[in-house]
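The values are calculated or read from the model by the stated rules, or taken from the named source; none is laboratory data. Fair warning: this is a prediction, and the values are worked out from it, not measured in the lab. Glycine also receives a Cβ, built like all others from the backbone with ideal geometry; neighbour counts cover every protein chain displayed. For accessibility, only protein heavy atoms count, side chains too; no ligands or nucleic acids. Shrake-Rupley method; radii C 1.70, N 1.55, O 1.52, S 1.80 Å.
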There are 2 protein chains.
Amino acid sequence: MRQILLCEPNISEGRDHSLLDALSAAIAGTGGARLIDRSSDPSHNRSVFSYLGDPRAVLEATESMAQIALEGINMASHTGEHPRMGAVDVVPFIPVRNVSVEEAVAVSREFGSFLGDLGVPVYYYEKSALKADRTSLPAIRRGEYEGLTAKLKDPAWAPDEGPRKFNAKSGATVTGVRPPLIAFNVNLATNDLATAKEIASAVREKNGGLPAVRAIGLSLQGGKTVQVSMNLVDCGVTSIARAFKAVNAEAARRGIEVASSELIGPVPLEAMTDAFKDLVKVKEFSVQQIIEVSLINNG
Amino acid sequence: MRQILLCEPNISEGRDHSLLDALSAAIAGTGGARLIDRSSDPSHNRSVFSYLGDPRAVLEATESMAQIALEGINMASHTGEHPRMGAVDVVPFIPVRNVSVEEAVAVSREFGSFLGDLGVPVYYYEKSALKADRTSLPAIRRGEYEGLTAKLKDPAWAPDEGPRKFNAKSGATVTGVRPPLIAFNVNLATNDLATAKEIASAVREKNGGLPAVRAIGLSLQGGKTVQVSMNLVDCGVTSIARAFKAVNAEAARRGIEVASSELIGPVPLEAMTDAFKDLVKVKEFSVQQIIEVSLINNG
């Protein structure tokens with residue numbers, strides 16, 4: 001059975017296309033790794049690469065890419081609107097298929113150790129965190145690049161890998177394993193923003209709703225429609241089907257219909273089949289029954 | 001974008017495993033074709049092979065396999081419970097992905113012409129039929145192998161390819177293109193067989209229900225439960241979601257719940273994503289968003 005690990009590094013460069021092309025080439029040139037997306041934001045001065053493959057290939061691609069990024073980016077002169085702490089800012093590894101969290105964590109630790117050896121302070125986050133207060137990216141990144149000198153002097157923020165010493169050129173890197181995140185929005189057949197906010201509040205984890213769900217109520221199209229915009233941060237915990245049913249039930253209680261929904265960005269096949277199975281009450285369905293899957297497993 | 005054509009030939013041999021292994025080897029040995037399933041029934045004395053790949057590879061695999069089957073099988077001494085007319089009895093080609101019906105029909109015609117040149121009378125059925133009364137397999141196969149001598153004398157049954165002459169060793173072959181067929185069963189939370197039969201009758205095409213749906217009511221587990229057993233013969237016409245909702249609504253009208261459902265055998269990815277989109281009201285979802293699909297397309 002083929003293993004698929006996804007990596008989505010956020011790199012602090014969104015303007016220099018010759019450098020970005022070199023990073024793409026390093027990833028695409030690694031046997032067994034496939035670059036599936038690259039998006040750059042010049043005002044953030046930041047790019048996100050998405051690539052996948054077996055764990056060894058993804059590790060190798062990530063190391064090659066990171067080495068070029070560290071050479072080419074100088075954080076001392078970096079400007080951009082997005083919070084950032086280093087040249088190779090955040091490197092999440094996401095198990096997609098037949099990869100255990102443990103195995104993915106081992107990959108992230110190998111990568112962290114590689115960066116440490118190159119003189120970059122590294123923090124492990126999410127499933128790879130070694131300390132309880134290092135699971136969340138915003139907590140680790142607080143103070144950003146500009147606050148790193150002070151942060152590294154604080155014993156509570158000694159890095160997990162690499163020198164406890166400010167690296168002016170490269171800053172610091174956060175890496176680790178997180179579950180696939182699904183951006184799932186449900187549009188309501190009403191233009192009442194208060195309702196969308198109420199429903200978002202009812203379904204999100206923070207207010208006692210569904211676990212592993214973040215949700216906000218939004219007004220769209222100049223107030224013509226409203227949306228419950230969700231992040232399913234671990235679809236193994238709360239699936240698309242469960243989130244959909246919850247919003248649907250909250251809307252129905254208020255006499256409102258669900259107009260449509262949207263899935264933004266990449267979705268793992270299993271997240272979709274799980275939702276399908278739930279909604280059609282299918283028992284004993286195997287992903288192997290999907291005709292095309294024989295091509296994924298042996299491809 | 002990768003093309004996938006599926007072929008599921010029904011061969012009149014279910015006992016001689018050395019011959020069946022030779023057929024498997026011919027398929028698996030064709031570059032670009034992948035054998036995904038083989039099942040044999042000794043009492044039917046019949047086997048079904050499932051393999052897929054790009055259209056040229058599937059044609060080549062089918063020709064290699066058929067040639068060996070025609071050499072190894074003698075219909076004059078064939079016995080078995082299943083209706084059959086020839087050694088290479090029925091050869092359906094099923095477009096799964098990025099293959100048009102026209103393109104698949106062209107493949108089936110090339111295959112039919114190949115068999116005709118080998119001296120086998122060939123009838124085109126389903127989407128490949130050249131005559132209106134030749135779309136249905138049972139109509140063509142009526143009289144079976146034993147009735148072929150008489151059938152071939154009837155001008156109405158002149159074959160579409162090959163000699164109008166009885167071939168004692170090989171019989172005749174039916175080939176053509178059909179849409180993917182989905183075997184979808186819905187189990188009801190009741191043991192009342194009459195209800196299952198009523199619902200089956202309400203949803204099937206024959207009685208004015210859903211187009212491209214065949215359905216029967218069955219009693220299972222020694223009468224403990226009942227099932228609406230459906231064949232969705234063209235899921236582009238009636239999807240899994242629509243069939244599920246129809247059975248669900250008919251059951252609800254009778255105060256009965258749907259207990260569970262079953263998908264038997266291979267299902268095209270698109271049939272599942274279509275159902276998912278319908279049930280979650282997703283607009284503008286592309287199969288390309290499924291992470292694993294980049295691996296299918298570029299294989």
For the structure I just gave you, tell me whether residue B:240 is facing chain A (nearest Cβ under 7 Å) and not acidic (Asp, Glu). yes
Look through the stretch B:243-299, keep the residues that are within 7 Å of chain A (Cβ to nearest Cβ) and among the hydroxyl-bearing types (Ser, Thr, Tyr), and return whichever of them is farthest from residue B:220 (Cα to Cα). B:294
Do you know which of the residues in the stretch B:30-83 that are under 22 Å from residue B:149 (Cβ atoms) and among the hydrophobic types (A, V, I, L, M, F, W, C) is surrounded by the fewest Cβ atoms within 10 Å (Cβ to Cβ)? B:76
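Considering only the stretch A:109-142, state which residues are among the small types (Gly, Ala, Ser) and at pLDDT below 95.
Hits for the stretch A:109-142 are A:132, A:136, A:139.
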Could you tell me whether the stretch B:118-131 includes any residue that is in a helix (DSSP H, G or I) and over 17 Å from the mean Cα position of the chain (by Cα)? no
Scan the stretch A:164-189 for residues that are modelled with pLDDT of 95 or more, within 23 Å of residue B:277 (Cβ to Cβ) and open to solvent by 20 Å² or more (accessible area, probe 1.4 Å) and jot them down. A:189
For the stretch B:182-299, which strands (runs of 3 or more DSSP E) that fit wholly inside it have 1 or more residues that are touching a residue at least 40 places away in the same chain (Cβ under 8 Å) and in contact with a Leu (Cβ under 8 Å, 6 or more places away or on another chain)? B:182-188, B:225-232, B:258-264
Name the residues in the stretch B:246-257 that are under 12 Å from residue B:184 (Cβ atoms) and surrounded by fewer than 18 Cβ atoms within 10 Å (Cβ to Cβ), would you? none
Looking at the stretch B:149-162, I want the residues that are in contact (Cβ under 8 Å) with a residue 60 or more places away in the chain and have a partner that is open to solvent by less than 60 Å² (accessible area, probe 1.4 Å) with Cβ atoms under 6 Å, at least 6 apart or on another chain. Which pairs are those? none
Does residue B:127 satisfy being under 19 Å from residue B:12 (Cβ atoms), touching a Gly at 6+ places or on another chain (Cβ under 7 Å), open to solvent by 10 Å² or more (accessible area, probe 1.4 Å) and not acidic (Asp, Glu)? no
Considering residues of the stretch A:22-57 that are part of a helix (DSSP H, G or I) and within 14 Å of chain B (Cβ to nearest Cβ) only, the residue nearest to residue B:294 (Cα to Cα): A:28
Which is open to solvent by less than 10 Å² (accessible area, probe 1.4 Å), under 25 Å from residue B:270 (Cα atoms) and in contact with a helix residue (DSSP H, G or I) (Cβ under 9 Å, 6 or more places away or on another chain), of A:270, A:292? A:292
When you look at residue B:101, is it touching a helix residue (DSSP H, G or I) at 6+ places or on another chain (Cβ under 6 Å) and either open to solvent by less than 10 Å² (accessible area, probe 1.4 Å) or away from chain A (no Cβ under 14 Å) (or both), yes or no? no
I'd like to verify a number: residues in the stretch B:104-124 that are within 18 Å of residue B:5 (Cβ to Cβ) and either open to solvent by 60 Å² or more (accessible area, probe 1.4 Å) or among the hydrophobic types (A, V, I, L, M, F, W, C) (or both), how many? 9
In the stretch A:199-217, anything open to solvent by 60 Å² or more (accessible area, probe 1.4 Å) and either farther than 16 Å from residue A:242 by Cα or more than 24 Å from the chain's Cα centre (by Cα) (or both) is listed as A:206, A:207, A:216
